[in-house]
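Student: The structure that follows is given in the form of structure tokens.
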Amino acid sequence: MKKLPYDFAFGSATASVQVEGAWNEDGKLPSIWDDFCKRKGKIDNGDTVEVSVDHYHRYQEDVDLMAYIGIDHYRFSISWPRVMDESLRPNEKGIAFYTRLLEALLEKGIKPAITLYHWDLPSFLQKQGGWTNPLCAYAFEAYCKLCFSRFSRYCDMWFTMNEPLCISYVSYLWGTHAPGYHSMEKTMKAVHNINLAHGLAVRAFRDAGCKGQIGPCINASYSKPATQDPRDIEAARRDNCYKTDIFTLPVFQGHYPEEILREQKVLRNAPKGDMNIISLPVDMAGLNYYHTDYVKYADNGLGAEGVILDFPMTDMPWTITVDDFPFCIKSFSEQANGIPIYITENGCAYDDVLENDGEVHDIRRIDYLRSHINAALSTLDMGVDLKGYFVWSLLDNFEWSYGYSKRFGLIYVDYMTKRRCLKDSAFFYKEFIENAKQV
Ligand code: GCO
């Protein structure tokens, strides 16, 4: 194996909604995902996040498992409605949970990486329009200030908004995530307020004098044309403009793409001063990658639609496009002006089976992870300042609209008993990290 920078991070990631449970304990208020789960037909199997994998109560066991695997960074998100009440005042019991978790991590020598927003908006803010309302971005600023004041002594790595594409398009246009709307106008409002919220978090971080680094976490897709037909090439360009550049250009370069400004009144009319906040310099950037989309021309407004080409598949079912991963990382790094990059999520879902009361032979996940980690590391030779890699996910967990039907974890969870078992991929990752650190 090639020599890695001495501080290269090997981590794993989760998100509050997906693992914590304890949905109404210790003063936690409802989030839009608590509400969404109650709506008929929104989540496979009628699954809910009420108990999830009970990380809220089992965090110590989970930290011990991380330490056994040898993970040196743990990326998790803070649940906004757990730590703040409707008057934007702190909820001390919720704060105490994260303090316990942070102390447990540091005790084992694991560096925390906090995601400030991984989709659990407090329901009381959704009642005021959620991300379509700029007030939501300013409430987020207040929440970030609280997080920095309470947790920055434990954590020096912060991510602002996780996957802005999902918070806007998937939630306000395609409707498969909470709050489940189908409106382009709402989507564009959400896009802008999410970008603004990111910038407000960066500003609050600097104002609070926090040490360490802060940056966004973007699932930049860098779609490719399905064929060399000029219409498909144009479709891929449009797709990237609307799904990636709409987030990367404002944050890293201080402007929206020209053609989107021409087409979208909401963005054209956004308050002019906002861009100065959105484009405040960041220290690093997180890239979430699962697969590359291939697109062709379609007469559907956007001018592009995805096609499934003949690639191997995971159980999502998502294609496996590992050869495109280095291109994606390189493109992201270039858009981000060469700042340090972390792969903040990468992984796959398979229909894992628990055998012999404790073994999970997830060979396909090992292949997926090995090939993707090596593909990511190959970008170091291309001049990318790659600083780390996080497997999605530490544990099997609640996969949004798919409920518990998709298993992404290095650790298998029996959903009845909540018992944890290391999968073969966890042993693979352990060995991979040990070897990498020895070179
Ligand atoms: C996302 C989220 C994760 C998902 C994972 C698999 O990337 O969509 O950040 O919460 O669980 O990506 O879909």
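Student: Loop only per DSSP, at most 11 neighbouring Cβ atoms within 10 Å: give me the chymotrypsin sites (Phe, Trp or Tyr not before Pro) in segment 1-40, ordered by residue number. Don't skip to the end; give the middle numbers.
Tutor: On the way: sites: Tyr6, Phe8, Phe10, Trp23, Trp33, Phe36; in loops: Tyr6, Phe8, Trp23.
Answer in residue order: Tyr6.
Student: Which longest run of the chain has no exposed loop site in it, a site being GluC sites (Glu not before Pro) in a DSSP loop with at most 15 other beta carbons within 10 Å, and the site itself not part of the run?
Tutor: 87-439
Student: Rg and Dmax of segment 9-438 over Cα atoms: what are they, in angstrom?
Tutor: That works out to 20.3, 62 Å for Rg and Dmax.
Student: Let me ask you something else. Give me Phe398, Phe428, Phe124 sorted ascending by neighbouring Cβ count inside 10 Å, so fewest comes first.
Tutor: Exposure proxy ranking, most exposed first: Phe124, Phe428, Phe398.
Student: Let me ask another. Given the alpha-carbon gyration tensor of segment 30-133, what are the semi-axes of its equivalent ellipsoid in whole angstrom, ordered largest first, with each equal to the square root of 5 times an eigenvalue?
Tutor: Over the Cα atoms of segment 30-133, the semi-axes work out to 28, 18, 12 Å.
Student: Another question, then. For a paramagnetic label modelled at 7 Å from the Cα of Tyr402 toward its Cβ, which residues of segment 273-315 fall within the zone defined by backbone nitrogen distances under 19 Å?
Tutor: Counting backbone N atoms under 19 Å from the label point, the list is 288-294, 306-315.
Student: Given Cα pairs under 8 Å that are at least 6 residues apart, what percent is the relative contact order of segment 101-217?
Tutor: Values: 164 pairs, mean separation 38.8, N = 117.
So the answer I get is 33 percent.
Student: With r defined as the distance between the Cβ atoms of Glu25 and Ile339 and R0 fixed at 35 Å, what FRET efficiency is calculated, to the nearest 0.05?
Tutor: So the FRET efficiency works out to roughly 0.35.
Student: Also: Work out how far the C-alpha atoms of segment 393-439 reach from end to end along every principal axis, then list the three figures in whole Å, largest first.
Tutor: 41, 22, 11
Student: Grab the other residues whose beta carbon is less than 11 angstrom from that of Val63, score K and R as +1, D and E as -1, and report the net. Each step should come with its number before you reach the end.
Tutor: Details: positive: Arg58, Arg100, Lys108; negative: Glu61, Asp62, Asp64, Glu103, Glu107.
Net charge around Val63: -2.
Student: Something else: Principal axis extents for segment 66-180, Cα atoms only, whole Å, descending order, please.
Tutor: Cα extents, longest axis first: 41, 30, 19 Å.
Student: Once you have the Kirkwood Rh of segment 192-283 from its Cα pairs, apply Stokes-Einstein at 20 °C and 1.002 mPa s and quote D in µm²/s.
Tutor: D = 148 µm²/s.
Student: For Trp119, Trp174, what ranking results if the residue with the fewest other Cβ atoms within 10 Å of its Cβ goes first? Can you show the working numbers first?
Tutor: Working: Trp119 26, Trp174 14.
Taking fewest neighbouring Cβ atoms as first place, the list is Trp174, Trp119.
Student: For segment 238-311, what does the alpha-carbon gyration tensor say about shape, rounded, prolate or oblate, given a ≥ b ≥ c as the root eigenvalues, a/c under 1.5 as rounded, and a/b over b/c as prolate?
Tutor: Note, shape of segment 238-311 comes out oblate.
Student: Please get the size of the charge dipole for segment 287-434, origin at its Cα centre, with Cβ charges of +1 on Lys and Arg and -1 on Asp and Glu, quoted in debye to the nearest 20.
Tutor: It comes to approximately 380 debye.
Student: Right, something else. Assign one of three labels to segment 240-364, namely rounded, prolate or oblate, based on the Cα gyration tensor with a ≥ b ≥ c the square roots of its eigenvalues; rounded applies when a/c is under 1.5, prolate when it is not and a/b is larger than b/c, and oblate otherwise.
Tutor: Cα axes put segment 240-364 in the prolate bin.
Student: Taking each pair of different alpha-carbon atoms in segment 350-439 once, compute 1/r for the pair, average those values, and report the inverse of that mean as the Kirkwood hydrodynamic radius in Å to one decimal.
Tutor: 14.3 Å
Student: Got the relative contact order for the chain handy, in percent, Cα pairs under 8 Å and 6 or more residues apart?
Tutor: 18 percent
Student: For each of Lys265, Lys430, count neighbouring Cβ atoms within 10 Å of the residue's Cβ, then give the residues from fewest to most.
Tutor: Lys265, Lys430
Student: Roughly how big is the chain's charge dipole about its Cα centre, with Cβ charges of +1 (Lys, Arg) and -1 (Asp, Glu), in debye to the nearest 20?
Tutor: Taking the Cα centre of the chain as origin, the dipole is about 1200 debye.
Student: With r defined as the distance between the Cβ atoms of His57 and Asp351 and R0 fixed at 25 Å, what FRET efficiency is calculated, to the nearest 0.05?
Tutor: My answer for the efficiency is 0.35.
Every number in this text was worked out from the coordinates using simple rules, so none of it is lab data. No experiment lies behind these values; they were computed from the predicted model shown. We place every Cβ from the backbone using ideal geometry, glycine too, and count neighbours over all the protein chains shown.
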